[in-house]
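The values are calculated or read from the model by the stated rules, or taken from the named source; none is laboratory data. Note that the structure is a prediction, hence the values are computed from the model and not measured. Every residue, glycine among them, receives a Cβ derived from its backbone with ideal geometry; neighbour counts consider all protein chains shown. Accessible surface areas use protein heavy atoms only, side chains included; no ligands, DNA or RNA. Shrake-Rupley method; radii C 1.70, N 1.55, O 1.52, S 1.80 Å.
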Amino acid sequence: MPPLKVLFVASEVAPFRKTGGLADVAGALPKALRRRGLDVRVVMPLYAGIKWGDLEPLDGMLNVPMYGGPLRAGVRLGRLPGSDVPIYFIEYHRFFDRPYLYGPPGQAYLDNLERFTLLSRGALELCKALAFIPDVVHANDWQTALIPAYINTVEWARPLHASASVFTIHNLAYQGNFDGGSMFITGLGPEHYNPGEFEHFGDVNLMKGAIAHSTMLSTVSPTYGREIQTPAYGFGLDGVLAARGTELRGILNGIDFDEWNPTADPLLPAGFDADHPIGKAACKAALQKEVGLPVRPGTPLFGVIGRLTPQKGLDVLAYALDLLLKWDMQLVLLGSGDSEAERFFAALSYRRGDKFRAFIGFDDGLAHRIEAGADFFLMPSRFEPCGLNQMYSLRYGTLPIVRATGGLIDTVQNYDEKHGTGTGFMFEDLTVAGLTNTVGWALSTYFNRPLHIEGMRRSAMAQDFSWSRAAAAYERMYHEAYTRRRGHSFAA
Ligand code: ADP
């Protein structure tokens, strides 16, 4: 029997270009699916910064139908590193050869709808050019949200119409909202601009269209899958998501065990594992030195890494720091995003460099060294679809302190003081009191119950967040989608 054929389309794929967790998923999941025997191929845009020379230019051009007539796009072929998974890059310099993926910090490129229409429609044209008719097309986030609608409309009664579509929501906060008047850019007629498809309070909402058109839907953790069907987390789409609740799955992301491996991480000064924790102490000392904090083995060191956006709850941390920095602890923060937040943390780092250091920017090496060298990792997210950083922390024996939301609930086990069990510390209320009380709880455990900390570290490092587990769940969902689309199972 031939393997299930899957086309996986994403606007960012690690290690080629990355702004967030979506790229990590898109770089790792297809490889894990391939290991399960699926014929999976990936499509992304050819951005500036991708080493074009290493890619094989394919003969011919794609003629991608756009509102103003066909655009001719090139295609380059590469492989996901460490695998034979093909990745096709859609080459159209006027749209993608730019310094940023979606726009400068805090802004969006004005032609984003056109850019990602080209990606979405181009991915389907590529299938036809390659004579690769997927059983399942897997689209991700708003940038590829037009794909399920194209399969149901412009591909109607053509070979791709038989393909099932799966749409994964990595972050519901970004829905792809555009002015209502721009519907024509998608190439779909005005009949699709209605509240059951793309219209949402006078705007074009790409995710809403994908929710209506996909054969099946998923998001990146079971808890977030339930949360987004409620007004508190649904960002206005809770109603349409709840209406499709039976086709919505929550599949926890995995992490890349090769990239995040404390025993053999080339970015660390020393390796360690649960049985040989000595290397972790070396990582802590080296980190304190690197970031310019006093090298003190006995002072608990907290790490924070992430985008400085309201999602991550770091505004509450900002208020809490007044109190936290009075305590015997150190904190290192790495992040970029909102300029007000950047300025605040940078200024505080200047004033309170004895205990707090902030690094504004994106630095993969430092991210690894913080995950390895810190004792605790702070993640007070307002909402969190899955979250990767807390999983990296667990693997590096750095106990996460998280707000009880989304994927954080699914990955961190709260400390049980009576039995000394758990893998981290959790709080419900995103308030200064909620955060500082929980940091205080972690500190008192660190100083007064060191054996509990040691036991928690051991359990944390033993957690299995492998992609093979996640890939098995995606494969099951693909089969479900296939059956819904075709009316018979894949094997039949
Ligand atoms: P999100 O996708 O919401 O940004 P996740 O925790 O799911 O959050 O994933 C974020 C990814 O980006 C992780 O791999 C994290 O290490 C990385 N990351 C975020 N900000 C930075 C930064 N400033 N420097 C290095 N890595 C970062």
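List of remarks:
- Exposure rule at most 13 other beta-carbon atoms within 10 Å, DSSP loop GluC sites (Glu not before Pro): the chain longest free segment: 1-416
- Taking trypsin sites (Lys or Arg not before Pro) across segment 344-387, the ones in a DSSP loop with at most 16 further Cβ atoms lying within 10 angstrom of their Cβ are Arg352.
- For segment 1-88, with all protein chains in place and a probe radius of 1.4 Å, 50% of the accessible heavy-atom surface sits on carbon or sulfur.
- Apportionment of accessible area to carbon and sulfur, segment 278-461, percent (1.4 Å): 55
- Antiparallel %, DSSP beta bridges [both residues in the chain], to 5: 30
- Inter-probe distance in nm under a simple model that places probes 7 Å from Cα toward Cβ, at Arg72 and Ser339: 4.1
- Translational diffusion of segment 278-461, estimated by Stokes-Einstein from the Kirkwood radius over alpha carbon pairs at 4 °C in a medium of 1.567 mPa s, is 81 µm² per second.
- One chain, two ends: Phe184 and Asp84. Fully extended at 0.36 nm per residue, the span grows by 32.2 nm beyond their Cα-Cα distance.
- Mean separation of Cα contacts under 8 Å, 6 or more apart, over the residue count of the chain: relative contact order %: 13
- For the chain, the per residue solvent-accessible surface stands at 39 Å², with DNA, RNA and ligands left out and a 1.4 Å probe.
- Full-extension gain in nm, Ala242 to Arg296, via 0.36 nm per residue minus C-alpha separation: 14.3 nm
- Residues Gln107 and Trp327, FRET efficiency given R0 of 41 Å [Cβ-Cβ distance, rounded to 0.05]: 0.60
- Spin-label proximity, Thr19 to segment 63-98 - amide N less than 16 Å from point 7 Å beyond Cα toward beta carbon: 95-98
- Prolate/oblate/rounded call for segment 324-369, Cα gyration tensor, a/c under 1.5 rounded: oblate
- Extension gain, Ala129 to Ala264, is 44.4 nm, computed as 0.36 nm per intervening residue step minus the present C-alpha separation.
- Convex hull (Cα only) mean projected area of segment 357-492, reported in nm² to one decimal: 11.5
- Note on Ala281 and Phe201: the model spin-label points, each 7 Å out from Cα along the C-beta direction, lie 5.5 nm apart.
- Loop-located chymotrypsin sites (Phe, Trp or Tyr not before Pro) across segment 243-350 with a Cβ neighbour count of 15 or fewer within 10 Å are Phe257, Trp327, with loop assigned by DSSP.
- Placing dummy labels 7 Å off each Cα toward the beta-carbon, the span from Thr483 to Asp273 is 3.9 nm.
- Take the Kirkwood radius over Cα pairs of the chain, plug it into Stokes-Einstein at 4 °C and 1.567 mPa s, and you get 55 µm²/s for translational diffusion.
- Per-residue ³J(HN,Hα) for segment 194-205, Karplus 6.51 cos²θ - 1.76 cosθ + 1.60, θ = phi - 60°, Hz, x for Gly and Pro: 8, x, x, 10, 9, 7, 8, 6, x, 10, 7, 10
- Qualifying chymotrypsin sites (Phe, Trp or Tyr not before Pro) in segment 132-207, where qualification requires a DSSP coil assignment and no more than 16 other C-beta atoms within 10 Å, comprise Phe132, Trp156, Phe201.
- Overall form of segment 87-245 per C-alpha gyration tensor (a/c, 1.5; a/b vs b/c): rounded
- Adding -39500 (n - 2.57) for every DSSP H run of four residues or longer, then dividing by how many residues the chain holds, sets the calculated 222 nm ellipticity at -10500 deg cm²/dmol.
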